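Participant: Pasting a structure here, questions to come.
The values are calculated or read from the model by the stated rules, or taken from the named source; none is laboratory data. Here the structure is a predicted model, which is why all the values come from computation and not from measurement. Positions of Cβ are backbone-derived with ideal geometry, glycine not excepted, and every protein chain shown enters the neighbour counts. Surface accessibility is based on the protein's heavy atoms, side chains included, excluding ligands, DNA and RNA. Shrake-Rupley method; radii C 1.70, N 1.55, O 1.52, S 1.80 Å.
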Amino acid sequence: MIKQVSLSEVYWFQEGPGVRNWQFKDSGIKLLNVANITKQGKIDLDKTDRHLAKEEVDSKYAHFLIDEGDLVIASSGITNDDDNLLRTKIAFIEKHHLPLCLNTSTIRFKSKEGVSDLRFLKHWLNSLEFRQQITKEVTGIAQKNFGPSHLKKIKISLPPLAEQRRIASILDQADELRQKRQQAIEKLDQLLQATFIDMFGDPVSNPKGWEIFKSKALFQDPPRIGTTTPANGEGIPVVRVGELGQFYIDFEKCGRVQISESDFKKYELKNGDLVLARAIGSKNQLGKCSYFSEYFEPVCIDSHVMRLRPDSEKMHPLWFYFLLSSDQGKKILQSKGGATAVQFNINSAQANDLDIALPPLSEQAKFVEIANKILKNKDSHIKSLEKNNLLFSSLQNQAFNGTL
């Protein structure tokens, strides 16, 4: 029988120091931040501009220098998953990441020789056993976080070292299948954007000299902001900002709202509509967009969301989606937006005032034909990824309940 032991008995862990803003330098030894640990389990050091002078690290923070092979996790900004349990971000440190120093809200793990395995721990930190425990321990409301004092209360069901390594190997292989499928999807997204730029050029600088139109002249109906009626779990699906950002709206996460028939007609979605986040806490997320084709039941939008309905005789809706979804297209929209004390926003008048470098419909149609082929390929990969995720979840459950 596998016994539960304290996490601190079988793994060593250390939290980063409380480095202050005034200590940051433009160069030197990089500090590991929460943003550097991606949801995909990678380290992305392009997302940091925080450094400490080498002299200061040598004198004060040398014991916080990270080693190759360390497992690091984000201990702040962690999020609730669909099951309302917390999930953090985890990654291994590789040689090319060094030198690197721990920072606030990051924790590193080392295994204890002959006792524990870090690859096993990486998977266990995503397990139900850990997530149920840490969810009860975390502090903070707006910004959930935990530290070593919380981790010391965590119990882990730790099998013998050889068994840990066997389990980790199986889960690594299953996870690699998921990662490869995800990478294929990302490459198809990159291909779509690259094809758009190749055919039409930068939509801001407009190097191909397309005629410039105000967006108001290209819409079939004026931009529409959604209902202020809150979702109550009943009625029709209502799209909110959390369901946007990918090509397809994430209908599984939609709430439901009860509104009158007259209000529904104002806020409904029709085939070819673009749905974008028009009021949100992050400027980078302002204008994140999804494309609506059809759904098996009526759908409307809420007040933090805006509907754009292109005139298909002037501008192809799918072409317009890829324009707004491009990095430069986002800048067009965000440049018109404003901000309050709590959020960034764009209103209907501003959405009507976008400068659109518009190629002829025939050129748009050529792109749409290519895009549909790529999207079909992407859909195939997404379905395969869903199967890979189910397989991985099944293996993970077996691994940590002793049946793998």
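Participant: Take the conditions over 30 Å from the mean Cα position of the chain (by Cα) and more than 21 Å from Ala357 (Cα to Cα) and apply them to Lys283. Does it pass?
Facilitator: Criteria not met by Lys283.
Participant: If only one of Ser260, Ser282 is of a type in the set (Gly, Ala, Ser), in contact (Cβ under 8 Å) with a residue 12 or more places away in the chain and surrounded by fewer than 19 Cβ atoms within 10 Å (Cβ to Cβ), which one is it?
Facilitator: Ser282
Participant: Looking at the structure I just gave you, is Ile66 closer than 22 Å to Arg87 by Cβ, among the hydrophobic types (A, V, I, L, M, F, W, C) and either free of Cβ contacts under 8 Å to residues at least 60 places away in the same chain or surrounded by 13 or more Cβ atoms within 10 Å (Cβ to Cβ) (or both)?
Facilitator: No; evaluated as a whole, the condition is false for this residue.
Participant: Residues being open to solvent by less than 90 Å² (accessible area, probe 1.4 Å), within 28 Å of Asn401 (Cβ to Cβ) and not aromatic (Phe, Trp, Tyr): count how many of those fall in the stretch 1-39.
Facilitator: Residues flagged as open to solvent by less than 90 Å² (accessible area, probe 1.4 Å), within 28 Å of Asn401 (Cβ to Cβ) and not aromatic (Phe, Trp, Tyr) within the stretch 1-39 amount to 7.
Participant: Within the stretch 203-211, does at least one residue satisfy the condition of being open to solvent by less than 50 Å² (accessible area, probe 1.4 Å) and either touching a strand residue (DSSP E or B) at 6+ places or on another chain (Cβ under 8 Å) or assigned to a loop (DSSP other than H, G, I, E, B) (or both)?
Facilitator: Checked against the condition, which is being open to solvent by less than 50 Å² (accessible area, probe 1.4 Å) and either touching a strand residue (DSSP E or B) at 6+ places or on another chain (Cβ under 8 Å) or assigned to a loop (DSSP other than H, G, I, E, B) (or both), the stretch 203-211 yields at least one hit.
Participant: Can you tell me which residue in the stretch 177-207 is farthest from His316 (Cα to Cα), limited to those that are within 19 Å of the chain's Cα centre (by Cα) and without any contact (Cβ under 8 Å) to a residue 40 or more places away in the chain?
Facilitator: Lys180
Participant: Then there's this: I'd like the full set of residues that are farther than 17 Å from Ala194 by Cα and open to solvent by 50 Å² or more (accessible area, probe 1.4 Å), limited to the stretch 351-365.
Facilitator: The answer is Asp353, Asp355, Pro360, Leu361, Ser362.
Participant: Does Asp250 count as open to solvent by 30 Å² or more (accessible area, probe 1.4 Å) and closer than 20 Å to Arg278 by Cβ?
Facilitator: yes
Participant: Of the residues that sit in the stretch 298-335 and are touching a residue at least 40 places away in the same chain (Cβ under 8 Å) and among the small types (Gly, Ala, Ser), which one is most open to solvent (accessible area, probe 1.4 Å)?
Facilitator: Ser312
Participant: If you don't mind, there's one more thing I want to ask. Looking at the stretch 366-381 only, could you name the residues that are open to solvent by 50 Å² or more (accessible area, probe 1.4 Å) and not acidic (Asp, Glu)?
Facilitator: Lys366, Ile370, Asn372, Lys373, Lys376, Asn377, Ser380
Participant: Give the stretch 40-57 a look and list any residue that's part of a helix (DSSP H, G or I) and open to solvent by less than 90 Å² (accessible area, probe 1.4 Å), or say none.
Facilitator: Once the filter is applied, which keeps residues that are part of a helix (DSSP H, G or I) and open to solvent by less than 90 Å² (accessible area, probe 1.4 Å), the stretch 40-57 yields Leu45, Glu56, Val57.
Participant: Taking into account only those residues within the stretch 105-123 that are more than 15 Å from Arg166 (Cα to Cα) and buried (at least 18 other Cβ atoms within 10 Å of the Cβ), which is modelled with the lowest pLDDT?
Facilitator: Result: Ser105.
Participant: Now a separate question. Please enumerate the residues belonging to the stretch 375-404 that are of a type in the set (S, T, N, Q) and over 29 Å from Gln164 (Cβ atoms).
Facilitator: Listed by number, the residues that qualify are Asn377, Ser380, Ser384.
Participant: Right, something else. Of all residues in the stretch 73-104, which are touching a residue at least 60 places away in the same chain (Cβ under 8 Å), assigned to a loop (DSSP other than H, G, I, E, B) and open to solvent by less than 60 Å² (accessible area, probe 1.4 Å)?
Facilitator: Ser75, Gly77, Ile78, Leu102, Asn103
Participant: Please name all residue pairs, on different chains or six or more residues apart, with Cβ atoms under 9 Å, provided the first residue is in the stretch 367-396 and is under 12 Å from Leu191 (Cα atoms) and the second residue is assigned to a helix (DSSP H, G or I) and small (Gly, Ala, Ser).
Facilitator: Between residues of the stretch 367-396 that are under 12 Å from Leu191 (Cα atoms) and residues that are assigned to a helix (DSSP H, G or I) and small (Gly, Ala, Ser), the close pairs are Asn377/Ala184; Lys378/Ala184.
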